[in-house]
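This report refers to the structure that appears directly beneath it.
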Protein chains: 2
Amino acid sequence: MAEDQLSTFVSLCRRRGFLFGGSELYGGLSSIWDYGPLGAKMKKRIKDIWWDEYVEKREDIVGLDSSIIMHEDVFRASGHLEGFNDVLVDCPKCKRRFRIDKIEKFGTNLYRCPDCKTEIDTRQQKPRTFNLMFKTNMSAIEETPVYGYLRPETAQGIFVNFMNVLNTTHKKIPFGIAQIGKAFRNEVTTGSFIFRMKEFEQMEIEYFVRPEEAMSAYEHWVKNRLQFYLEHMGIEESNLRLREHGPDELAHYAKACTDIEFRFPFGWSELEGVAHRADFDLREHGRVSKKDLSYFDSVKEERFVPNVIEPSSGVDRTFFAVLCNAYRKEEVKGRPRVYLKLKDTLAPFRAAVFPLLKKEPQLVELAKNIFYDIKKSMPAVYDDTASIGKLYRRQDEIGTPFCITVDMESLSDRKVTVRDRDSMAQERVEIDRVEEYLSERRK
Amino acid sequence: MAEDQLSTFVSLCRRRGFLFGGSELYGGLSSIWDYGPLGAKMKKRIKDIWWDEYVEKREDIVGLDSSIIMHEDVFRASGHLEGFNDVLVDCPKCKRRFRIDKIEKFGTNLYRCPDCKTEIDTRQQKPRTFNLMFKTNMSAIEETPVYGYLRPETAQGIFVNFMNVLNTTHKKIPFGIAQIGKAFRNEVTTGSFIFRMKEFEQMEIEYFVRPEEAMSAYEHWVKNRLQFYLEHMGIEESNLRLREHGPDELAHYAKACTDIEFRFPFGWSELEGVAHRADFDLREHGRVSKKDLSYFDSVKEERFVPNVIEPSSGVDRTFFAVLCNAYRKEEVKGRPRVYLKLKDTLAPFRAAVFPLLKKEPQLVELAKNIFYDIKKSMPAVYDDTASIGKLYRRQDEIGTPFCITVDMESLSDRKVTVRDRDSMAQERVEIDRVEEYLSERRK
């Protein structure tokens, strides 16, 4: 999708009920979004496919669902309390606030406001360090607060439960723990639709391996996760690329990291990071908690702290990428047509059923019967609230692969018109064969 | 389950990986729990069944997935900011803090500490009002905070999106909006395992109706939701009851409310509340936001603020109830046997496969092949990390309906032993017929 299409695309997402602004009835909260009826459906499909692929299908990965609010010491050990900061500076003129690493610098102490272009002298405008974690008082008394933190990543819930999982599942290394859940970061940079949000959702795996097998496991996971987007999310190869972090970009403890990038309307950006985190997480949690988080290999009779490979995917970014990738705008007989070329496993509905004429009770009845029948085996929608042309456009815009129209002839020949979303080709299909027809034409 | 079995039950939940204490590596956070590998699976099954039943199968209900952090004005309108309070008092001697409405009172100003039995005189020990919502600073600057609130119920996300949903889905009243998600309450009362948690998950429907149809819709929903627990959660009728709120118990705006109660180990307690909230929510949000949240009925040419029926279920309480309901302890040949009589749609695994002897490569190979085969059509687990008796006990304790054991004879007669969780009956079944055998014996 081209950058100039982004605003049309965002308005489609709002108009069709994929996304609404968070608390927008009250003016909204910046960088917080709600998933509407279609968005909620599609987001759930994405999460279910991931969970099925990694937790249900594999024997070497187990699931977890840990809490959002966590103990302060968790983030002392993880380094978030100390180091998860942005450095911010205020423009003296327009008073807007910016991340100092994101704005233009010239000279030793001078920056330029990206909005009003005023010079910002950091000897006058002192930059301030700001922790990105949301904290909340868990004590019942305001004056003696005891802070809990909203996790900034689901990963920490996995690390602190490593021993619990090991002891209860009898898993042997290599094995992984997978989790889907909300995470929170008080990002100042707002923007780019749902790309960077204060409240977002992650799908993370921590895969524990022997140190000497970590590098090959890392390489395996980069490939595996790239394949996931191609195969299960239907993202085109030309819209994905791998970008390995250079030595200057890597966290001090990380041995390697590769971003899986998607070609967003505003440029190539991270969809997922696959990181080789060595033994940093378990070692630090072991050190701070004073518990032994090492693993005993009973075959090799050897004790060690496992290395960890972390494929960390953003649910919202995947959702965004899937929609961008599917977005098509073309001209049909001099008029614009917009449709979403979604995989049918991801589309909110696999089929839509309409009566050609709403005022004909026989048509409505037959259309509803077909709808109820189809609905038993796939997500489907019935609609008769507009003209047929409008109904087609509606379904195109939400990516429904097939529309089934019942007309007067259907009453006698027991056939319906099935229209293909992508080619717009229409075919008469016997009512009894519709389901079979659709299942032969998976998208 | 009897009350004295609760601690054994909790230890089973921990030992088998259903639940772990939140942040317990660091001493834990009170009333916060993590779902372990089996708990995460079963919790997801509960949510999926609910979502499927209400969002995917029905045409009159759509889904939503709104944010956890919401605008302060949302809770100004809902009344939570003003009225969602506990009144707390401290014991002067043991310093513990209690909800004043939960402890013994005698005389005009005197209470008794439930722990150390000291008298608490509220003329000296001033009770304090304490809001149950967690708030967090969303501004980047500590000194000029802008508070967002972690929603204390998912319902508010539905109300503030009422118009968004109406405008994008073209739904006509009656229709509902359904949502599953986390909610947060800074409860001082701790305890009773996962019954009352600071971080919990809800499955809520707001069903919008014409005022004159509200009472019959309310009655319908009470029955519908009771049936859900019986039919889909497998809870026995004798463990469920309806309790209608008396006039003194009802919120001032509510017309009626019925709790669906479950017989928890500590007594009958709320599993779900089904409330007739009249037009309170939409009216108040309309008033505070100064937006028109009324509905226009185009057939009757009439404008009105819809009434709402709210079936509000706790995911964690349902999870807890399902486990309690399934918990069985019996004596077999003089030894105790514990098993979970779970519905097979809820059990973490539908079948387990073992080789009788781990040291026989042929048995292991055959067992694994059977396992991989079965796993294509149902959640299954392979285990060879203990003796057969221990493996049976393990699967009993996690509610796996069937265990399949491969022995030396299996190599020649191509049959395996299938053991039934509930009756412990064992039957030789042809390997090729195992799947069919299991599907004929749904639990």
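The values are calculated or read from the model by the stated rules, or taken from the named source; none is laboratory data. This structure is a prediction, so every number in the text was calculated from the model and none was measured. Ideal geometry is used to build each Cβ from the backbone, glycine not excepted, and the neighbour counts take in all protein chains shown. Please note that ligands, DNA and RNA were not included when accessible areas were found on the heavy atoms of the full protein model with its side chains. Shrake-Rupley method; radii C 1.70, N 1.55, O 1.52, S 1.80 Å.
Out of curiosity, is A:V416 closer than 25 Å to A:D48 by Cβ, modelled with pLDDT of 95 or more and either assigned by TED's automatic domain parsing to the domain that holds A:E436 or acidic (D, E) (or both)?
So A:V416 does not fit the description; no.
Collect the residues in the range A:252-262 that are open to solvent by 40 Å² or more (accessible area, probe 1.4 Å) and free of Cβ contacts under 8 Å to residues at least 40 places away in the same chain, keeping them in residue-number order.
A:H252, A:Y253
Examine the range A:147-155 for a residue that is touching a helix residue (DSSP H, G or I) at 6+ places or on another chain (Cβ under 7 Å), more than 30 Å from B:L88 (Cβ to Cβ) and not assigned by TED's automatic domain parsing to the domain that holds A:V305, and state whether such a residue exists.
no
When you go through A:V274, A:V332 one by one, which is the residue that is hydrophobic (A, V, I, L, M, F, W, C) and over 27 Å from the mean Cα position of the chain (by Cα)?
A:V332
Are there any pairs, at least 6 apart or on different chains, whose C-beta atoms fall under 6 Å, with the first in the range A:423-443 and within 17 Å of A:G399 (Cα to Cα) and the second in a strand (DSSP E or B) and not small (G, A, S), and if so, which?
Close Cβ pairs (under 6 Å, with a partner that is in a strand (DSSP E or B) and not small (G, A, S)) amount to A:Q426/A:T417; A:Q426/A:R419; A:L438/A:F402.
When you go through B:G273, B:G314, B:G286 one by one, which is the residue that is touching a Ser or Thr at 6+ places or on another chain (Cβ under 6 Å) and surrounded by 14 or more Cβ atoms within 10 Å (Cβ to Cβ)?
Numbers: B:G314 fails: touching a Ser or Thr at 6+ places or on another chain (Cβ under 6 Å); B:G286 fails: touching a Ser or Thr at 6+ places or on another chain (Cβ under 6 Å).
Unique residue meeting the criteria: B:G273.
Could you check, for the range B:296-308, whether at least one of its residues is out of contact with any strand residue (DSSP E or B) (no Cβ under 9 Å at 6 or more places or on another chain), closer than 20 Å to B:N161 by Cα and in the same structural domain as B:H170 (by TED's automatic domain parsing)? It would help to see each step written out before you state the result.
Residues of the range B:296-308 out of contact with any strand residue (DSSP E or B) (no Cβ under 9 Å at 6 or more places or on another chain): B:298-301.
Remaining after also requiring closer than 20 Å to B:N161 by Cα: none.
Within the range B:296-308, none of the residues are out of contact with any strand residue (DSSP E or B) (no Cβ under 9 Å at 6 or more places or on another chain), closer than 20 Å to B:N161 by Cα and in the same structural domain as B:H170 (by TED's automatic domain parsing).
If you go through the range B:339-359, how many residues are touching a Leu at 6+ places or on another chain (Cβ under 9 Å) and either under 23 Å from B:M233 (Cβ atoms) or of a type outside the set (A, V, I, L, M, F, W, C) (or both)?
Result for the range B:339-359: 10.
For the range A:1-15, check the following and say yes or no: at least one residue is touching a Ser or Thr at 6+ places or on another chain (Cβ under 9 Å), open to solvent by less than 40 Å² (accessible area, probe 1.4 Å), facing chain B (nearest Cβ under 7 Å) and of a type outside the set (G, A, S).
No, that holds for no residue.
Tell me whether the range A:107-117 contains one or more residues that are within 12 Å of another protein chain (Cβ to nearest Cβ), more than 18 Å from A:F200 (Cα to Cα) and aromatic (F, W, Y).
No; the residues of the range A:107-117 include none that is within 12 Å of another protein chain (Cβ to nearest Cβ), more than 18 Å from A:F200 (Cα to Cα) and aromatic (F, W, Y).
Which is of a type in the set (F, W, Y) and under 18 Å from B:Y26 (Cβ atoms), of A:Y147, A:Y207? Reasoning before the result, please.
Working: A:Y207 fails: under 18 Å from B:Y26 (Cβ atoms).
After applying the criteria, what remains is A:Y147.
For the range A:96-106, check the following and say yes or no: at least one residue is under 23 Å from A:F75 (Cα atoms) and modelled with pLDDT under 95.
Yes, the range A:96-106 has at least one match.
In the range A:187-223, what residues are part of a helix (DSSP H, G or I) and not small (G, A, S)?
Selection gives A:P211, A:E212, A:E213, A:M215, A:Y218, A:E219, A:H220, A:W221, A:V222, A:K223.
On the basis of being out of contact with any Leu (no Cβ under 7 Å at 6 or more places or on another chain) and within 14 Å of chain A (Cβ to nearest Cβ), does B:V274 make the cut?
no
List the strands (runs of 3 or more DSSP E) inside the range A:28-141, counting only whole elements, that have at least 3 residues being touching a residue at least 40 places away in the same chain (Cβ under 8 Å), assigned by TED's automatic domain parsing to the domain that holds A:S313 and buried (at least 21 other Cβ atoms within 10 Å of the Cβ).
Because the criterion is at least 3 residues that are touching a residue at least 40 places away in the same chain (Cβ under 8 Å), assigned by TED's automatic domain parsing to the domain that holds A:S313 and buried (at least 21 other Cβ atoms within 10 Å of the Cβ), the strands (runs of 3 or more DSSP E) in the range A:28-141 that meet it are A:61-64, A:69-71.
Residues that are surrounded by fewer than 14 Cβ atoms within 10 Å (Cβ to Cβ), at least 1 per element: which strands (runs of 3 or more DSSP E) completely within the range B:328-443 meet that? Don't jump to the end; show me each part of the working.
Working: elements: B:335-340, B:351-355, B:380-382, B:402-406, B:415-420, B:426-430.
Once the strands (runs of 3 or more DSSP E) in the range B:328-443 are filtered for at least 1 residues that are surrounded by fewer than 14 Cβ atoms within 10 Å (Cβ to Cβ), what remains is B:335-340, B:426-430.
With (1) surrounded by fewer than 20 Cβ atoms within 10 Å (Cβ to Cβ); (2) of a type in the set (A, V, I, L, M, F, W, C); (3) farther than 22 Å from A:K43 by Cα as the list, and B:F18 as the residue in question, which single condition is left unmet?
Status for B:F18: all satisfied but (1).
Pull out all pairs, ordered by first then second residue, where Cβ-Cβ is under 6 Å, the residues are six or more apart or on different chains, the first lies in the range B:382-396 and is within 13 Å of chain A (Cβ to nearest Cβ), and the second is charged (D, E, K, R) and open to solvent by less than 30 Å² (accessible area, probe 1.4 Å).
B:L391/B:D383
Per-residue answers, yes or no, for (1) among the polar types (S, T, N, Q); (2) facing chain A (nearest Cβ under 9 Å):
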position	(1), (2)
B:K43	no, yes
B:K47	no, no
B:W50	no, no
B:E59	no, yes
B:V62	no, yes
B:S66	yes, yes
B:A77	no, yes
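Test A:I194 against the criterion of being more than 10 Å from chain B (Cβ to nearest Cβ), buried (at least 18 other Cβ atoms within 10 Å of the Cβ) and more than 18 Å from A:S66 (Cα to Cα), and give yes or no.
Yes; evaluated as a whole, the condition is true for this residue.
Just to be sure I understand, how many residues within the range B:271-297 are among the hydroxyl-bearing types (S, T, Y), touching a residue at least 24 places away in the same chain (Cβ under 8 Å) and not in a strand (DSSP E or B)?
1
If you go through the range B:149-166 one residue at a time, do you hit one that is open to solvent by 10 Å² or more (accessible area, probe 1.4 Å), without any contact (Cβ under 8 Å) to a residue 12 or more places away in the chain, of a type outside the set (S, T, Y) and within 13 Å of another protein chain (Cβ to nearest Cβ)?
yes
Looking only at residues in the range A:173-191 that are within 13 Å of another protein chain (Cβ to nearest Cβ) and at pLDDT below 95, which one is nearest to B:R15 (Cα to Cα)?
Among those that are within 13 Å of another protein chain (Cβ to nearest Cβ) and at pLDDT below 95, it is A:N186.
Is there a residue in the range A:125-142 that is within 12 Å of chain B (Cβ to nearest Cβ), closer than 30 Å to B:F98 by Cα and under 21 Å from the mean Cα position of the chain (by Cα)?
yes
Go through the residues of the range B:224-237 one by one and say whether even a single one is in the same structural domain as B:R45 (by TED's automatic domain parsing), open to solvent by 20 Å² or more (accessible area, probe 1.4 Å), assigned to a strand (DSSP E or B) and under 26 Å from B:F280 (Cα atoms). Even if it seems obvious, please write down each step before you answer.
Taking the range B:224-237 first, the residues in the same structural domain as B:R45 (by TED's automatic domain parsing) are B:224-237.
Then drop every residue that is not open to solvent by 20 Å² or more (accessible area, probe 1.4 Å), which leaves B:224, B:226-227, B:230-232, B:234, B:236-237.
Cutting the leftovers down to assigned to a strand (DSSP E or B) gives us none.
Scanning the range B:224-237 turns up no residue that is in the same structural domain as B:R45 (by TED's automatic domain parsing), open to solvent by 20 Å² or more (accessible area, probe 1.4 Å), assigned to a strand (DSSP E or B) and under 26 Å from B:F280 (Cα atoms).
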